[in-house]
1. Where Lys and Arg each count +1 and Asp and Glu each count -1, what net charge lies around D13 among other residues with Cβ under 12 Å from its Cβ?
2. Report the accessible area of L17, computed with a 1.4 Å probe over the heavy atoms of all protein chains in place, in Å² rounded to the nearest 10.
3. Can you give the convex hull volume per residue for the Cα atoms of the chain, as a whole number of Å³?
Amino acid sequence: MKLFVAGLPYDVDDAELTEIFEKCGTIISAKVAIDRETGKSKGFGFVDMKNDEEAREAIELLNNISLGRNKTMVVKEAEDRGGSRSGGGGYNRR
């Protein structure tokens, strides 16, 4: 199950995100979203857990806890984007 994690302190990296969630079960991947222009964290990320039951436990244990200065972490099942992303980028002849 893929989890969406928001409210991360901006200094948390992928390794720390993994460390936070591995207490609840086996982690396939943990990725903090990084701004392409600044190279800094956007304050959210995604954790892919091997087992749905462990993922639900992680939601139960880690949602609404504080990780830093007045930052409350939000942990929930990631929404499936589904379909293709469309928008912009078309060639425009003038």
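The values are calculated or read from the model by the stated rules, or taken from the named source; none is laboratory data. These numbers come from a predicted model, not from an experiment. FYI the Cβ positions are ideal-geometry reconstructions off the backbone, even for glycines, and counts take in every protein chain you see. Ligands, DNA and RNA are excluded from the accessible area calculation, which covers all protein heavy atoms including side chains. Shrake-Rupley method; radii C 1.70, N 1.55, O 1.52, S 1.80 Å.
1. In short, -2.
2. 0
3. Per residue, the Cα convex hull of the chain comes to 127 Å³.
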